[in-house]
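S.K.: Got a structure for you, written out below as structure tokens; questions coming shortly.
The values are calculated or read from the model by the stated rules, or taken from the named source; none is laboratory data. Please read all numbers here as calculations on a predicted model, not as lab measurements. We place every Cβ from the backbone using ideal geometry, glycine too, and count neighbours over all the protein chains shown.
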Amino acid sequence: MWQALREELHPDGLEIVTVGLDTLGVEGCGPFIEAANPQHPSLIDQHHVLAEKFGVINIPSSIWIDEQGLIVRPAETSPAPPRPETGLPEMPAGTPSRFVDIMAEAAKIQSNPEAYHDALRDWVALGSESEFALSPDEVVARSRPRDADTARGHAHFELASHLEADGHHKAAVAHFRAAHRLVPNSWTFRRQAWSLETSIEGPLARFWQGPSADDPESWPYEGDWLSDIRECGAENYNDSWKP
């Protein structure tokens, strides 16, 4: 999806750099990048530096940076290029009901890809003259403030990531929980921790992100993807994109 957009706009000067936020590094999202075979730079952010430096709290998010290296739009929801509506994919026989429910909730997540990508094309064509290129003051106003709790939450998350990478999973969980408490609006922090729990086996294990049906009491977190999105409403999963 992003590759097609890059092919369209790259001759006009746009470069897309995709970044996967994944504590497991290459082991985590590397296979997905290889499968996509992107022709644009594709990086892996093992320590979620984008979250710390640019205020990314959910994916997909984008940051627009001009030729001088100035941010002209801060981190914001960036829906993937639109594609034909095909409805929910057919689930194979025997698919756990949790995955069926996850797909149903994901289908309710709202976005406005047409408006977003029309704005991106306008910026590529007009540069600083585009109505969608924000002034420095507007960029600051739209950026997420970083108070003391947020700073502490990021510190806990960074420590949790280091502990996880060094094989100290149980110790990491305590700091992931602290990060969730201190930065409650960060879906990236929550999803990262949830994806590291192996409630099931197989290639979809990282997308389960919730308690095992056989042993729900062993789940170490207060929330999980399905419960949390139902609580907040799929329509509120991403911030609405605004021109």
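S.K.: Looking at this structure, is G28 at pLDDT below 90 and surrounded by 17 or more Cβ atoms within 10 Å (Cβ to Cβ)?
M.R.: Against the criterion (at pLDDT below 90 and surrounded by 17 or more Cβ atoms within 10 Å (Cβ to Cβ)), G28 qualifies.
S.K.: Within the range 1-77, which strands (runs of 3 or more DSSP E) (wholly inside it) include 1 or more residues that are of a type in the set (G, A, S) and either free of Cβ contacts under 8 Å to residues at least 24 places away in the same chain or in contact with a Ser or Thr (Cβ under 7 Å, 6 or more places away or on another chain) (or both)?
M.R.: Strands (runs of 3 or more DSSP E) meeting the threshold: 42-45, 61-65, 71-77.
S.K.: For the range 217-243, name all the residues that are among the acidic types (D, E), part of a helix (DSSP H, G or I) and in contact (Cβ under 8 Å) with a residue 12 or more places away in the chain.
M.R.: Selection gives D228, E235.
S.K.: Which one of these is exposed (fewer than 15 other Cβ atoms within 10 Å of the Cβ), touching a helix residue (DSSP H, G or I) at 6+ places or on another chain (Cβ under 9 Å) and modelled with pLDDT under 95: S143, S78?
M.R.: On the way: S78 fails: exposed (fewer than 15 other Cβ atoms within 10 Å of the Cβ).
That would be S143, the only listed residue that is exposed (fewer than 15 other Cβ atoms within 10 Å of the Cβ), touching a helix residue (DSSP H, G or I) at 6+ places or on another chain (Cβ under 9 Å) and modelled with pLDDT under 95.
S.K.: Just the residues that are free of Cβ contacts under 8 Å to residues at least 12 places away in the same chain and either in contact with a Ser or Thr (Cβ under 9 Å, 6 or more places away or on another chain) or not small (G, A, S) (or both), please, taken from the range 202-211.
M.R.: Matches in the range 202-211: P203, A205.
S.K.: Would you mind telling me which numbered condition in (1) among the acidic types (D, E); (2) assigned to a helix (DSSP H, G or I); (3) free of Cβ contacts under 8 Å to residues at least 24 places away in the same chain D214 fails?
M.R.: With (1) among the acidic types (D, E); (2) assigned to a helix (DSSP H, G or I); (3) free of Cβ contacts under 8 Å to residues at least 24 places away in the same chain applied to D214, the lone miss is (2).
S.K.: Name the residues in the range 107-150 that are among the small types (G, A, S) and under 15 Å from S240 (Cβ atoms), would you?
M.R.: Those that are among the small types (G, A, S) and under 15 Å from S240 (Cβ atoms): S111, A115, A119.
S.K.: From the list R152, R177, exactly one residue is in contact (Cβ under 8 Å) with a residue 24 or more places away in the chain and over 18 Å from Y221 (Cβ atoms). Which is it?
M.R.: Result of the check over R152, R177: R152.
S.K.: Go through the range 93-109 and give me each residue that's part of a helix (DSSP H, G or I) and free of Cβ contacts under 8 Å to residues at least 60 places away in the same chain.
M.R.: Passing the criteria: S97, V100, M103, A104.
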